[in-house]
Each structure stands twice: as C-alpha cells, then as structure tokens.
Amino acid sequence: MGWLRRCYLTVASEFSWRVPGRPQRLLGAFALAERGSMLDMFAAVEATKRRDMRKKYFHHGLDEGRHALIFAERVRAFGLLGRAEAAMEDSGQLLEAGIVGGQTLFERLGEPEFMAFVYVAEADAVEQFNVYLDRGLPDDATQAQLRAILKDEVFHVTYSRTEVDKYRKDGLPMDATMRKIRLRRVWERWLRFSRDFGSFTSGIWLSLLYFLVLGPFRLFGRLEAGGWHPVEGRAGDALALARSEG
Amino acid sequence: MSESQPSKMETMLMRFGTAGALLAMLGRGGRWWMVPLVVVLLIVAVGLLFLQSIHYVAPFIYMVF
Amino acid sequence: MPTYILGISALYHDSAAVLLCDGVIVAGVQEERFSRLKHDATLPVRSAKWCMDRVGITAADLSWVVFYEKPLRKFERILSTSVATFPRSWAAFPRHMRAWLGDKLWLRGNLCQAFGVPASKVLFCEHHLSHAASAFFASPHENAAILCVDGVGEWATTSLWRGRGTQIEPVSEVRFPHSIGLFYSAITAHLGFSVNEGEFKVMGMAAYGQPRFEAEMNKLLRLESGGGFSLDMDYFSWHWHPTQAASPKLSELLGAGRFPGTAFTPRLAAEGASESEIEVSQRFADLAASAQAQTEAAMLHLVRHAHTTVGTDALCYAGGVALNSVANNRIAAEGPFDHVWIQPAAGDAGGALGAALWAWHAVLGNPRGPAMTRTDIGRETPNATTREILDDLGARYADVGEEAPERAADDLAAGRVIGWMNGRCEWGPRALGYRSILADPRKPETRDAVNVRVKYREPFRPFAPSVVAESAATYFDIPAAAAAPSRFMLTAGGVKDGARESLGAVTHVDGTARVQVVDAASSPAYHRLISRFGEHTGVPVVLNTSFNLKGEPVVSSPVDAMASFVRSGLDLLYIDNFRVERPK
C-alpha cells in the first residue's frame, strides 16, 4: 500500500503547490493540524498515568506549537494575511481537532493506542514532507522551514516507535492496533468527504426549497420595527412554561 | 428507566414533541402563516436526519438520484 | 439530598456550565478552559463533568438541567427573518436550515444525551431572561430595574425587566434586527477586527480619535423619543448575509474599511509614519471614537428610560454590551441610578449562571441568598498534583508555601513580569487575579515589554491596573454607583491627575484605566500581593492582564500555565505555592 500512498502524495503535491491559492490553503491546514496536535499533546501531559512520558509529550506539544506558528508565518509569506490570522485566531476552525464528544484524543484511545496513533501520524507527515522536498517544492524559504520541522518530526517518530515497541514487547497487539489506526484514518477521511459532499448536496436542495417554497411567503414576512415593544409575562404553571422549548 | 439517559426511541418521540411545540408556538405568537412553511421544513428535516444517520454512504445515495 | 441545578449555555458564543447546590454557586467554568479552543461553543460536556466531579455527584443526582435559551423561538426568528429578507437571504438560508433542521432544533434530546439526564429534568430559560437573572439574582438588590443589551438571543436584542425578590417580570424589549451589540460588531468588522474578539480593540482604538462622525452614526443608530433606538437596516446585513455584518452601503457612508492587520499610526502614536499614513489611521481612530460615543449615548438613553419606567434606585445589567467598560463608567457616573450591578460574565457564558439561578428562584420559588462577591468558582489544582507535574516536566521551582503573594510582589518590585496562577479560576472573560500576568504598572516601557514578550497585542490596547480597595480613591476616579462593577474590572474611569505619572503602563492615552478594585475579603491572596508591592514601591497597584497567549483561552491547569510560560517571555511563573523559573 505504501507505493499507492506515495503516488497519491506525488500527484497531490503538484496540485497543492502549483495551483494558485492552494499553497495557502495547504499551509493553513498544516498550521491548524499542528495546533490541534499541540493541544492533544498537552492534554496527554495532564491525563497520562505514565509520569516518565510527561516530559516527552510536553516537548512534543511545544514543537507542534512552534510548527503551527511557522506554517502560519508561511501562509502570510504567500500573501493571504487575513486567512492566516483567522486560522490562528479562530479556534472554531479547530473544532475537528482531537476533541470529539467532549473527550480528548488521549482519553478516547488510551495510552498505548495514542502512542501508536502518534507514531502513524508523525510517520505519515515525515513521508509527506519528504515528497515535497524530493520534488523541490514549493520554494527555498518554505523548504528550509520544512527541513527544520522534519528534524523535530523525526524525533517524534523515533520516541513514539520506541514506546510502541515497548508495548509490543509487553505483549500488546501493537501491529493490529496500527493497522486499525491506519484504516481508521482512511475511514475518517472518507467520512469527512462524505459529510462535505452531503452538506453540498443538501445545500442545493435547501436552496431550491428556498426559491420555490419560501418565495410566496415573502408577502407575509415583515422585519420587526425598532424601538421598545411592550412584553407581557406568560400566564401558566411556572414549571410547565420552563419545560417548554418555545 | 425514566431517571437515566433516554433511549433512541424516546429521543425520536421527543422530536415529535418538539415539532408539536414549534407549531403551537407559532399559533400563540400569531404567526399562523408560517405553519405550512414549517410543516414543509419538518418533512425536509426527516430526510436530512435520515441522511445524516447514514452519512457514510451519502455520496452513493446522491449518485443513485 | 440537596437540589443540584446545572446551568448550560452553548451553541452560540462561549459555552459554559454552572452548578448550584441549593441555590449556592459551587462551580462554574467555560468549556474553552478545558478544550483550549477560544470561544468554544460546543455543549460544555467537560465543564459539566468537572462541576459534578468537584462536589462528588453524578448526572443522576441532578434535579434540573437548565439551558439558557428557548431554541424554538430562536428558530422562529431565523426562519421568519429569512422570509422577510427574501431573496437576499438565499446564501444564509441553506446554512441555517442545515444546522437547525439537522441538529439544533432537536436540542432537548441532545442535552439529554450529552448530560445523561431524562427529558423531564430539562428546562429552558429565555436568552435575555438568563442574562437578567445572572445580573439580578447574583446582585444584592431586592428591587431593581434590569437591563440586558447584547447582539441577539431569540428575538430580543435589548430587554428591560423589573426584578422583585424572587421574581423577574418582563417590561419591554427591542427586537432583532435592531441591535446595539450587532451595530458594534459591524463597526468592529469595518475596522478590520474579527467579530466577538475585536470589540475591545475598537474600544482601545477609540481613545486615539475624536467622535467627528456623529452625523453618520446618528444615521446608523437613531435614538428615539420613546426611550428606545432603531437602526437603519440598509447599512447592515446581519439579517440576511451568512457571514457579513455590514452591507456595502456602510462603506459608502463611512469610507473604505480597514484591512486586517494594517499598522495603526494615529496622530497620538505616529512613530515615524508618513502624513498620509497618519491620516488614514486617524480616520479609523475617529470612526472608532464615533461608534463608541454613539454606543455610550445609546446606553445612557436606555438607562434613563429604564429608570423612568421601572423607578428603582438600583440597576442590574448584563449582556455582551455590558462588557464595554467605558460605557459602563458613564452609566454609573451620568446615569440616574444610585447603584449599578453588572454580572462579571456579562456575555453568553454568564447565561449558564443566570439560567440556573432563574430555575432556583423564579421557577422553584426559593428565597434569595447572599450576593455574588467572588468570581473564583472555576478549576483549581491541589498543590501535590502541581508538584508532581512540575517534577515530571523537570521544572526549576521552589516551594514558597503560603508566602507566594509576598514573594511574587518582591519579584514584581524587582521589575519582573510574572505569570500568576492562584486558587480557583475566575468566572467571566476578565482576569481578576487568579489567572493573570502581572507587572510593575509604573513605567510605560513595561507595557511594551509585556506586549513584546507575552501578549503580542496591538500596541494601542491598554493594560488594566488592579488596586487595593483602600487606595482606589487615591489613584482613580470611580463613580459611587460603580462600586460593585469596579470589583469585576467592568468600568474604565479616569486616572487622577497626580497619579498618571506613577501609573504610566496602565494609563490609556485618554487618561483612563479599566481598573479592578481588590478587597481583602473576596480576594485575600491577590490583595496581599498588591499591598506588599505597595510597601516596596509606594504604589499599591499592579498591571494585570489575562494569563494567555495570543489566540488562546486563559490558562486553567498547571500544564496550561507551564506551556504558556515556556512559550512566552515571562520571567517567572507562580502556580499556587510554587515559584517556577525559566528553563535554562
């Protein structure tokens, strides 16, 4: 499967770096992803029962935070200041990262699987960045930054692999876990696509509905006038009224 | 079981309650004209909720249409 | 078994959970402090869990879960506004409907799932009633006019209530799309700042300008003879546009907007800028000043109307606009009320508290308790846990025990900029001495040092001072009616003429400061710290800004504090009993 991914990365890298407007989007996505994993790592520092791992998670988190800033700075260099600022300031865009249903990645996976996840994700990132560098993309300044980031990523890959190996020695089925994680990453990508696709199509249906059904009601609709409107309290049982959603 | 989280069935019934409360509220506020519109939207909501529940195959479903 | 009520605000701006035990606030926290996502608006699952864990209960022990809005009314408003603005609302409609029909409309079930309670325990309080309750029931007043002013809730954007004992009666409201909060947000966006984040920057910018666009502002926001106001909606687009608050007509009236991130060099802070650059910046400063002046005028207008209509001597006030500390000062100084009480979490997060208090007093009819005087109702960490984390991270630290406030004051007097994390996290958006960055307030250079090393803020934004209550009158002009809100850093008044010299880092360009008055009873540790600093320097005032890095929420745990400390240029970090030095 490795060659398939490499083919995909090669084609995608051409698209991402050479089509105008795409580099900013990619770099912005990197910035958000790095910031998301910074939060995941800091959450792991707090949640872990393995005190010997705290320092590693902490420094890993610091690295990711630094990378996020580098990528945001690169977006600015590519000339899309507004969006870079938004990417760094608007955490609404980050809601996808790590935290699902009120649980952090660490809480959801547990320590061994979290470690395997870190290893898989970091190794993927290293591979992706190496494809860019091999192809000489996108420009010297960004490449220099990518190289600096790669150095950190290699450290992340190394320590997480060491931990995964330790768990394997302890008899945990780490290879199965990593296969599961890889599959899940593909599955999640599909879900994201599927959801975006669903939003897009439901948007078309709702737009049709808007023009066909909403239009005639325009005759009745009025915006409220300004100024004070007197309000009467509603009569009735206080608890029953409180239960009402409307 | 009334003291714990509601089941899927109960959640579904709750939605009927919400739909009813919505229509009743429009009547109370004198916005009768919105009732037909809201009824249409509630039907759309049923479709939307169904598609969400099977969103992982959504692209295929849309291809069928 | 006592009655436990969980108040929830979520799904719009800042989600939060508050837990009451027999009407007493036992815990309250914003979800962003856990998720580390600023203004996190998702259902506050972690906050609620933490609140319950803290008192050792589970969801089964909750008597009620109270949401801070009536979702169906909000849906009605969104739908009928879409109809009324047809066909301009074509882009907004699919977005709104996808979110509502697919999710938000079915809130009751979502709340039951998220918080693990049956539907029979879920209550809904109106958005503005939640604000009203958060101000009135937390205040010491038995009789008060209650005013709420924000962006929008269900229909109301401004509402007036009469509070008596355990009851809050509605009087009147101004309805969407006419909104002072959204007016201010539209100006914020026009001046190149992000909405819900940049409003305070507009306030800071305003001090550099003159309100010379009065005529234009009167066109946008008209004060009516009936005591209310209305907007000319041709200039705005929040009622039909999916993302933008201002219509193109606003730029025709006020001139082109400011591009985000452009240097701001008005006449009072020109620093080598060219004449044309100064002129451009000055126009933005004047716009900010004009919008701020119009907002203040509108607030005074509303407050006077509230006084004539309800006729009490106390005003309780909440809603996002109540965080405008400059306007608050004028309400207290020039308004007709003898007492003004403002909810410290005046924005949407405060709705969680209001909804819970409303259920306890107004729905269940329980008598009033003591007023809210403390804001430290958030998360804390035992010293043993902190020590363990510091050890594990290899931090260089010393246990200074109960002497932490004094040691911190010594460090401040020595010119150090410190991160100060003490006790439980404060409630509301302002850092009130529990999660603060502190510095010497005397020299203007300190401000730049804090900016460059930690906050990376725009230089035109002022830093706030904290002063011990005993010396407040020596340094600041605080109107008598503002005694309560000044405890929560909600008013910005004048720095006394003789004191400006000694408060260079915290006096804004217009000679004002957003002061926090600290008393020994409600903030003992912080009071000790400032007093000790006063003994050293003769000035019992410190510079106080929230302990967070740019774009991040205020720190809440020792790990957050350490992560911010290491990534910033802070000289020292105090976490409760521990004094942490920078890594070598």
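Report, by residue number, each residue of the stretch C:113-148 that is in a helix (DSSP H, G or I) and surrounded by 24 or more Cβ atoms within 10 Å (Cβ to Cβ).
Of everything in the stretch C:113-148, those that are in a helix (DSSP H, G or I) and surrounded by 24 or more Cβ atoms within 10 Å (Cβ to Cβ) turn out to be C:His127, C:His128, C:Leu129, C:Ser130, C:His131, C:Ala132, C:Ala133, C:Ser134, C:Ala135, C:Phe136.
Find all pairs meeting these conditions: Cβ atoms under 8 angstrom apart; at least six residues apart or on different chains; first residue within the stretch C:39-52 and at pLDDT below 95; second residue among the polar types (S, T, N, Q) and surrounded by fewer than 23 Cβ atoms within 10 Å (Cβ to Cβ).
These pairs meet every condition: C:His39/C:Asn196; C:Leu43/C:Asn110.
Go through (1) over 36 Å from the mean Cα position of the chain (by Cα); (2) closer than 28 Å to C:Trp240 by Cα; (3) surrounded by 12 or more Cβ atoms within 10 Å (Cβ to Cβ); (4) facing chain C (nearest Cβ under 7 Å) one by one and return the number of the condition A:Val213 breaks.
Against the list (1) over 36 Å from the mean Cα position of the chain (by Cα); (2) closer than 28 Å to C:Trp240 by Cα; (3) surrounded by 12 or more Cβ atoms within 10 Å (Cβ to Cβ); (4) facing chain C (nearest Cβ under 7 Å), A:Val213 comes up short only on (4).
Residues that are closer than 30 Å to C:Ala484 by Cβ and in the same structural domain as C:Ser531 (by TED's automatic domain parsing): which helices (runs of 4 or more DSSP H) entirely in the stretch C:366-460 hold 3 or more of them?
Of the helices (runs of 4 or more DSSP H) lying wholly inside the stretch C:366-460, those with at least 3 residues that are closer than 30 Å to C:Ala484 by Cβ and in the same structural domain as C:Ser531 (by TED's automatic domain parsing) span C:404-413, C:444-450.
Being outside any helix (DSSP H, G or I), open to solvent by 100 Å² or more (accessible area, probe 1.4 Å) and out of contact with any helix residue (DSSP H, G or I) (no Cβ under 7 Å at 6 or more places or on another chain) is the requirement here; does A:Leu183 meet it?
It is false that A:Leu183 is outside any helix (DSSP H, G or I), open to solvent by 100 Å² or more (accessible area, probe 1.4 Å) and out of contact with any helix residue (DSSP H, G or I) (no Cβ under 7 Å at 6 or more places or on another chain).
Test of understanding: among C:Thr373, C:Thr385, C:Thr381, which residue is under 30 Å from C:Ile8 (Cα atoms), open to solvent by less than 50 Å² (accessible area, probe 1.4 Å) and among the hydroxyl-bearing types (Ser, Thr, Tyr)?
Testing whether each residue is under 30 Å from C:Ile8 (Cα atoms), open to solvent by less than 50 Å² (accessible area, probe 1.4 Å) and among the hydroxyl-bearing types (Ser, Thr, Tyr) leaves just C:Thr381.
Which of the strands (runs of 3 or more DSSP E) contained wholly in the stretch C:466-584 include at least 2 residues that are over 30 Å from A:Met38 (Cβ atoms)?
C:516-518, C:541-546
I'm told C:Thr166 meets every condition in (1) surrounded by fewer than 24 Cβ atoms within 10 Å (Cβ to Cβ); (2) in the same structural domain as C:Ala314 (by TED's automatic domain parsing); (3) of a type in the set (Ser, Thr, Tyr) except one. Can you identify the failing condition by its number?
It is condition (2) that C:Thr166 fails.
Can you list the helices (runs of 4 or more DSSP H) lying wholly within the stretch C:1-86 that have 3 or more residues being away from chain A (no Cβ under 11 Å) and over 19 Å from C:Ser120 (Cα atoms)?
C:45-55
Just checking, which of C:Val515, C:Val539 is in contact (Cβ under 8 Å) with a residue 12 or more places away in the chain and more than 17 Å from the chain's Cα centre (by Cα)?
Within the list C:Val515, C:Val539, the selection yields C:Val539.
Find all pairs meeting these conditions: Cβ atoms under 6 angstrom apart; at least six residues apart or on different chains; first residue within the stretch C:343-365 and of a type in the set (Lys, Arg); second residue in a helix (DSSP H, G or I) and open to solvent by 20 Å² or more (accessible area, probe 1.4 Å).
Going by the 6 Å Cβ cut-off, there are no qualifying pairs.
C:Tyr208: part of a helix (DSSP H, G or I), buried (at least 23 other Cβ atoms within 10 Å of the Cβ), of a type outside the set (A, V, I, L, M, F, W, C) and not assigned by TED's automatic domain parsing to the domain that holds C:Arg457, yes or no?
no
Scan (1) among the hydrophobic types (A, V, I, L, M, F, W, C); (2) modelled with pLDDT under 95; (3) assigned to a loop (DSSP other than H, G, I, E, B) for the single condition C:Phe200 breaks and write down its number.
It is condition (3) that C:Phe200 fails.
Would you pick out the residues in the stretch A:159-180 that are of a type in the set (S, T, N, Q) and either open to solvent by less than 60 Å² (accessible area, probe 1.4 Å) or at pLDDT below 95 (or both)?
Scanning the stretch A:159-180 gives A:Ser160, A:Thr177.
Residues in the stretch C:418-437: is at least one open to solvent by 10 Å² or more (accessible area, probe 1.4 Å) and more than 26 Å from A:Phe42 (Cα to Cα)?
no
Would you point out the residue of the stretch C:236-253, among those that are touching a residue at least 12 places away in the same chain (Cβ under 8 Å), open to solvent by 20 Å² or more (accessible area, probe 1.4 Å) and outside any loop (DSSP other than H, G, I, E, B), that is farthest from C:Leu79 (Cα to Cα)?
C:Leu253
If the requirement is being surrounded by 24 or more Cβ atoms within 10 Å (Cβ to Cβ) and either polar (S, T, N, Q) or under 25 Å from C:Asp376 (Cβ atoms) (or both), which of these qualifies: C:Asp22, C:Asp61, C:Asp40?
On inspection, the qualifying residue turns out to be C:Asp40.
Say whether the condition of being open to solvent by 10 Å² or more (accessible area, probe 1.4 Å), assigned to a helix (DSSP H, G or I), more than 9 Å from chain A (Cβ to nearest Cβ) and within 16 Å of B:Arg15 (Cα to Cα) is met by at least one residue in the stretch C:88-101.
yes
What is the residue count in the stretch C:254-302 for residues that are under 16 Å from C:Met217 (Cα atoms) and surrounded by 19 or more Cβ atoms within 10 Å (Cβ to Cβ)?
Adding up the residues that qualify gives 17.
Take the residues in the stretch C:182-192 that are open to solvent by 10 Å² or more (accessible area, probe 1.4 Å), more than 13 Å from chain A (Cβ to nearest Cβ) and under 20 Å from the mean Cα position of the chain (by Cα), then tell me which one is farthest from C:Leu220 (Cα to Cα).
It comes out as C:Ser185.
Which ones in the stretch C:461-499 are open to solvent by less than 10 Å² (accessible area, probe 1.4 Å) and over 20 Å from C:His339 (Cα atoms)?
Residues satisfying the conditions are C:Phe463, C:Ala464, C:Pro465, C:Ser466, C:Val467, C:Val468, C:Val495, C:Ala499.
Kindly list the number of the only condition in (1) more than 7 Å from every other protein chain (Cβ to nearest Cβ); (2) under 23 Å from B:Ala19 (Cβ atoms); (3) open to solvent by 100 Å² or more (accessible area, probe 1.4 Å) that fails for A:Phe220.
Here A:Phe220 clears every test but (1).
The values are calculated or read from the model by the stated rules, or taken from the named source; none is laboratory data. Being a predicted model, the structure only gives us computed values, none of them experimental. Here Cβ is always computed from backbone atoms with ideal geometry, including for glycine, and neighbour counts include all displayed protein chains. The protein model used for the area step is the full one, side chains on, heavy atoms only, and it has no ligands, DNA or RNA in it. Shrake-Rupley method; radii C 1.70, N 1.55, O 1.52, S 1.80 Å.
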